[in-house]
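Q: Take this structure first; my questions come after.
The values are calculated or read from the model by the stated rules, or taken from the named source; none is laboratory data. If you're wondering where the values come from, they're calculated on a predicted model, not measured in any experiment. We place every Cβ from the backbone using ideal geometry, glycine too, and count neighbours over all the protein chains shown.
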Amino acid sequence: MINAVLLAVIVMLGLSLARVHVVLSLLIGAMVGGLVGGLGVDATLAAFQEGIKNGAQIALSYALLGAFAVAIAHSGLPQSLSNTVINRINSEQGAGSGSIKWALFFGLVLMSIFSQNLIPIHIAFIPLIIPPLLMVFNRLKVDRRLLACLMTFGLVTTYMFVPYGFGEIYLKQIMLKNVSEAGLNVENISVMKAMAIPALGMLVGLLTAIFISYRKPRHYNLSASLSDEGSSYTAPQGQGDALTQAATTANAPSKGKTLVALLAIVTAFVVQLYTDSLLLGSLFGFGVFMATGVVKWNEADSVFNEGIKLMAMIGFIMITAQGFAEVMKATDQIAPLIDGATNLFAGNKGIAAFVMLAIGLIVTMGIGSSFSTIPIIAAIYVPLCISMGFSPLATVAIIGTAGALGDAGSPASDSTLGPTSGLNVDGQHDHIKDSVIPTFLHYNIPLLIFGWIAAMVL
């Protein structure tokens, strides 16, 4: 009989690709997995509800991030950034559009990297920066699938390679900790050396997306009208979400509002760094806007509500993904999935490495979180790798890559949900077709190949 976890992931992915909403796909996949795994309806629902409880804090954090994002847009800071770029395009009359395009590409990748390591705000920067710049990207005829790939590269590659910020959590606090507890001495292991080859695979995927897959211009219907004479633009009545409308209709910010917006951002970063809480960071940042009067007291309620609406869908998906993950764990079918795969090894290290990586891909695709995959697989993979003769460095590379596989390309991952939240504010970017499938193809395939190479040569 087919493994319950494998079947649940197949059902979830199949429904998502068939354009069934991700929340429903996760729910149905969880029910199928739970029933096939022998839990019964009651136990499946109980496990699902337990997972939902675990995801509540995450959802609340993202709701507050949305409120913070709308407050920043309300200050006019994103509009100022967008207008500066639009002015540059207009003044150069297309002569320098190429350099502007590449500067924007570099900036997106850099902000994505910083959001993981230097200033760990994760996907919070996306709804701040992307919506006001969509008009710029439309003018430059940039394929939004490429933009999704650019952001996902920074969101995934740096935490799996650089041991700072979220990388510190993933590589040291989760991976090395679990590998050590499973019986492998990790004192002299350099995680950057172990993950360098897999990270190179991610870079190959990025370059493929830029120079081959999405290099051709792609036309979008303008959701906002640009003025040829100036830099100002406005969204048509009734179009766009709250963030877009706030950013595009706000007056050019005064120096005072700009300074307040920067102060609020710095405050949110500092509070998050010291408390390790997105929730508190967003709350304090929003408080700065209210205390300084940039967001007036009589407007605070509406701004806050619009912000919650902005991130509500991501919150719902993340809560549902937590429920899905809890049901998968409750089936106790993950270990048999791995054990069953070992029969295919026949003492062959190459086959063993490939199967372990592929199982990591399946698990992470379903759960939507690399951070949750590592504790599940490490206890089984470490003794397996030792018995197969893999070096400690290769073992770490296998486990780290197996965890990261599937983060890009999972319908339930914030590495795909984040880019979609910014790119689809005008309804022209489909989550599955334009975020999930492109990132899956460009990152999971090379990551699987280069992770296998790392396992063989380290």
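Q: Considering segment 394-431 alone, what residues qualify as being assigned to a helix (DSSP H, G or I), buried (at least 24 other Cβ atoms within 10 Å of the Cβ), of a type outside the set (S, T, N, Q) and modelled with pLDDT under 85?
A: Hits for segment 394-431 are L417, G418, G422.
Q: Can we say A30 is among the small types (G, A, S), farther than 30 Å from I130 by Cβ and in contact with a Gly (Cβ under 7 Å, 6 or more places away or on another chain)?
A: When the stated conditions are applied, A30 passes them.
Q: Oh, and also: Taking into account only those residues within segment 407-426 that are under 8 Å from the mean Cα position of the chain (by Cα) and among the acidic types (D, E), which is farthest from A69 (Cα to Cα)?
A: Per the criteria, the residue is D407.
Q: Kindly list the number of the only condition in (1) at pLDDT below 80; (2) more than 20 Å from M365 (Cα to Cα); (3) surrounded by fewer than 18 Cβ atoms within 10 Å (Cβ to Cβ) that fails for A43.
A: Unmet for A43, out of (1) at pLDDT below 80; (2) more than 20 Å from M365 (Cα to Cα); (3) surrounded by fewer than 18 Cβ atoms within 10 Å (Cβ to Cβ): (1).
Q: Can you name the residue in segment 142-165 that is among the small types (G, A, S) and either closer than 13 Å to S435 by Cα or touching a Pro at 6+ places or on another chain (Cβ under 6 Å) (or both) and is also surrounded by the most Cβ atoms within 10 Å (Cβ to Cβ) among such residues?
A: Restricting to residues being among the small types (G, A, S) and either closer than 13 Å to S435 by Cα or touching a Pro at 6+ places or on another chain (Cβ under 6 Å) (or both), the top hit is A148.
Q: Determine, yes or no, whether F153 is touching a helix residue (DSSP H, G or I) at 6+ places or on another chain (Cβ under 7 Å) and closer than 23 Å to W102 by Cβ.
A: yes
Q: What number of residues within segment 156-185 are within 22 Å of M365 (Cα to Cα) and under 16 Å from the mean Cα position of the chain (by Cα)?
A: Total meeting the criteria: 10.
Q: A further question follows. Just to verify a result, which residue in segment 376-393, among those that are touching a helix residue (DSSP H, G or I) at 6+ places or on another chain (Cβ under 8 Å), of a type in the set (G, A, S) and in a helix (DSSP H, G or I), is modelled with the lowest pLDDT?
A: Applying the filter and picking the extreme gives A379.
Q: Let me ask something additional. Please enumerate the residues belonging to segment 119-141 that are at pLDDT 70 or above and either exposed (fewer than 15 other Cβ atoms within 10 Å of the Cβ) or not in a helix (DSSP H, G or I) (or both).
A: Within segment 119-141, L140, K141 meet the criteria.
Q: Can you say whether A300 is buried (at least 17 other Cβ atoms within 10 Å of the Cβ) and modelled with pLDDT of 75 or more, as far as the supplied structure shows? Give the steps one after another, and end with the answer.
A: On the way: buried (at least 17 other Cβ atoms within 10 Å of the Cβ): no; modelled with pLDDT of 75 or more: yes.
So A300 does not fit the description; no.
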